[in-house]
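The structure is given below, and queries will be raised subsequently.
The values are calculated or read from the model by the stated rules, or taken from the named source; none is laboratory data. Computed from a predicted model, the values in this text were never measured in an experiment. Ideal geometry is used to build each Cβ from the backbone, glycine not excepted, and the neighbour counts take in all protein chains shown.
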Amino acid sequence: MTHRIWLTALTGFGVLGAASVSIAAEPSQVQRGEYLARVGDCVACHTAPHGKPFAGGLEIESPFGTIVSTNITPDPDAGIGDYTRDEFAAALREGKRADGSNLYPAMPYPSYAKLSDADVDALYAYFMQEVEPVADESPESDISFPFNQRWGISLWNWLFADAEAFEPSGQPTEQVERGAYLVQGLGHCGSCHTPRGLMFQEKALDDSDDSYLSGETLGGWWAPNLRGGGDGHDGLQAWSADDIVDYLATGRNHHGAVVGEMTSVVANSTSYLNDEDLRSIAAYLKSLPRQAGSEQEAPSRTSSAQTERLLTAADVGEAPGARLYLDNCNACHFANGRGAPQVFPSLNDNALVNADDPTGLIHVILAGARMPSTPKKPEALAMPDFGWRLSDEEVAQLATFVRSGWGNRGGEVTADQVAEVRKTLPDDLESSAPEFPSQSH
Ligand code: HEC
Ligand code: HEC
Ligand code: HEC
C-alpha cells in the first residue's frame with residue numbers, strides 16, 4: 001500500500017493532502033529501487049507474455065538467433081538470489097554474469113554502464129528485498145555458432161561498450177544533466193532510437209556524436225529521430241518540452257499517439273516517472289541540435305488546403321485514396337487531418353505517417369492500435385482494425401493519400417508492400433493486443 005501512495009505522489013496524480021506527500025517525499029532505498037526499475041524498464045524484457053514479473057522467459061529476436069531473457073527474481077537457484085551486490089553491479093554495468101561469463105548485449109548494459117553506485121545499490125535492495133522469488137528456470141537461448149561462444153562477446157565489448165560511469169559533460173543546466181543521465185543510462189532510449197552499425201552496435205552511446213538518437217528502423221517500424229534543438233520539422237523540433245512530457249506520461253499529445261514498440265515503454269516505464277524526471281528528459285532532448293548534414297526535408301507534396309479541397313470533391317477517379325479516407329477515417333481524424341487533441345492523433349506531420357518505411361502505417365491501418373492505459377490517462381482509446389474490410393490495393397491507395405496529404409512528405413505505398421505486412425499479422429487479432437505485465441502491488 002505504501003508503494004501505491006508513493007508512486008501516486010511521484011506521478012503527481014490525484015489530490016493528495018500535504019501530509020501524505022511529505023511522507024512520500026522521503027522514499028526508502030527499496031522504494032527508490034522500485035522507481036529505478038521502472039525507469040530501466042526491467043519488467044518489459046524480463047517477463048514472458050502472461051508470465052510472472054521478472055521471472056524471465058521472453059524471447060528476443062536478434063540477428064544472431066533468439067535470446068531468452070533470464071529470471072532476475074531473488075530465487076537462489078532459478079534467479080539471482082545468490083548474486084552479491086558487486087556481482088549484480090557487474091551484470092548491469094559490464095554485462096558479466098556471476099559465473100564470469102558474458103551476457104549478450106540484448107541486455108542493455110552498454111547504457112546501464114552509466115549507472116551511479118547509489119542507483120545500483122537501490123536497485124539491488126529492491127530486487128533482493130521486495131521482488132517475489134519465482135523458482136521457474138527460463139529456457140536456454142537458441143544461438144548458433146559462433147555467437148553461442150560467450151567469450152567472443154569480450155571482443156565486442158572491447159570495441160563497442162565503454163563501461164564508464166556517467167561523467168557530467170558540462171550540460172547547460174542541472175536539469176539537462178539529469179536528463180542526459182536518465183536518457184543515456186537507465187532509460188536506454190538509444191537502444192531503439194540510435195542507428196546501429198554492422199556489428200549491431202549502437203553508433204553512439206552519448207551525445208558526443210550527433211548520430212546519437214537520430215532514429216533507427218526496428219523490424220520495419222521507425223523509432224523516430226529524437227533530436228529536438230533548433231527550428232523546423234526535423235526530429236522533435238516541432239515538439240515543445242510539454243509535448244514530450246505529455247507523450248511520455250500518457251502515450252498521447254496533440255501531435256500523435258503512441259503505437260508499436262514504444263507503447264510498452266510508455267505503459268511499463270515512462271508513465272511511472274515523476275514530473276521532474278520527465279521534464280529533465282524533455283529538456284535534454286530539446287538541447288540536442290539537429291544532426292549535421294542530415295538531409296534537408298523533402299518538400300511537402302500538397303498543402304493542407306489542397307488536401308481538404310480534394311476531400312470535399314472526393315472524386316473517385318481522381319483520388320481514390322481521398323474517397324477511402326472519407327469513408328473510413330474522416331470520422332475520427334477529420335478532413336484537416338488534425339484529429340482531436342489527446343483523443344484522435346493528428347496524421348499531419350506525424351513521424352509514423354512520414355517514415356521512409358511505411359510498415360508502421362500499414363500495420364496500424366490493417367490491425368488497429370490501442371493506447372496504453374496510464375496513471376494520468378487511464379482510458380485506453382483504440383483505433384479499429386481495417387484489414388478485414390479493405391483490400392491490399394485499397395490500403396495502398398489510402399496510405400499513399402495520407403502520406404502525401406496536408407503537409408506530409410512520405411512516398412507512395414504499393415499493394416505488394418501491404419501484402420507483405422498482412423502476412424506478418426497473427427490470425428487472431430484480438431490476441432495481438434499488447435499485453436503488459438503488471439506488478440502485484
Ligand atoms: C532490452 C531488454 C532488457 C532490459 C530492458 C533489461 N534486461 Fe536484463 N537481461 C536481458 C537479457 C536478454 C538477459 C540475458 C542475456 C544472456 O543470456 O546473455 C539479461 C540478463 C540480466 C541479468 C543476468 C542474470 C543472469 O544470471 O543471467 C541481470 C542481473 C539483469 N539482466 C538485470 C536487469 C535489470 C536490473 C534491468 C533493469 C534495470 C534489466 N536487466 C533490464 C534483457 C534486458
Ligand atoms: C523498445 C524500443 C524503444 C525504446 C527503448 C524507446 N523507444 Fe521511443 N519510440 C520507439 C518507437 C518504435 C517509436 C515510434 C512510435 C510511434 O510511431 O507511435 C517511438 C517514439 C518515441 C517518441 C515520439 C516521437 C515522434 O516524433 O512521434 C518519443 C518522444 C520517444 N519515443 C521517446 C523515447 C524516450 C525518451 C525513450 C527512453 C526513455 C524511448 N523513447 C525509448 C521505440 C523505443
Ligand atoms: C473510431 C475512431 C478512428 C477511426 C475511424 C480511425 N482511427 Fe486512426 N486512430 C484512432 C485512435 C484512437 C488512434 C490512437 C491509437 C494508439 O495510439 O494506439 C489512432 C491512431 C492512428 C495512427 C497512428 C498515429 C500515431 O501518432 O502514431 C494512424 C496513422 C491512423 N490512426 C490512421 C488512420 C487511418 C488511415 C484511418 C482510416 C482507415 C483511421 N486511422 C481510422 C482512431 C481512429
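Quick test of your reading of the structure: L278 fulfils all but one of (1) at negative phi; (2) within 15 Å of ligand 3 (Cβ to nearest atom). Name the failing condition by number.
(2)
Would you check which residues across the stretch 387-417 are under 15 Å from A367 (Cα atoms) and either among the hydroxyl-bearing types (S, T, Y) or touching a strand residue (DSSP E or B) at 6+ places or on another chain (Cβ under 6 Å) (or both) and list them?
Matches in the stretch 387-417: S391 only.
Residues R323, R309: which one is modelled with pLDDT under 95, more than 25 Å from C42 (Cβ to Cβ) and buried (at least 20 other Cβ atoms within 10 Å of the Cβ)?
Being modelled with pLDDT under 95, more than 25 Å from C42 (Cβ to Cβ) and buried (at least 20 other Cβ atoms within 10 Å of the Cβ) holds for just one of R323, R309, which is R323.
Then there's this: Could you give every pair whose Cβ atoms fall below 8 Å, whose first residue belongs to the stretch 359-372 and is closer than 13 Å to E420 by Cβ and more than 8 Å from ligand 3 (Cβ to nearest atom), and whose second residue is part of a helix (DSSP H, G or I) and of a type outside the set (A, V, I, L, M, F, W, C), counting only separations of at least 6 or pairs across chains?
Correct list of pairs: T359/Q417; I362/Q417; L366/R422.
Okay, next question. Scan the stretch 36-81 for residues that are under 23 Å from A125 (Cα atoms) and part of a strand (DSSP E or B) and report the count.
Residues flagged as under 23 Å from A125 (Cα atoms) and part of a strand (DSSP E or B) within the stretch 36-81 amount to 2.
I'd like the full set of residues that are within 26 Å of the chain's Cα centre (by Cα) and assigned to a loop (DSSP other than H, G, I, E, B), limited to the stretch 98-128.
Hits for the stretch 98-128 are L103, Y104, P105, A106, M107, P108, A113, K114, L115, S116.
While we're here: Given the options D349, D357, D385, name the one that is in a loop (DSSP other than H, G, I, E, B), at positive phi and outside the structural domain of N253 (by TED's automatic domain parsing). Walk me through how you get there before you give the answer.
Numbers: D357 fails: at positive phi; D385 fails: at positive phi.
Just one listed residue meets the conditions, D349.
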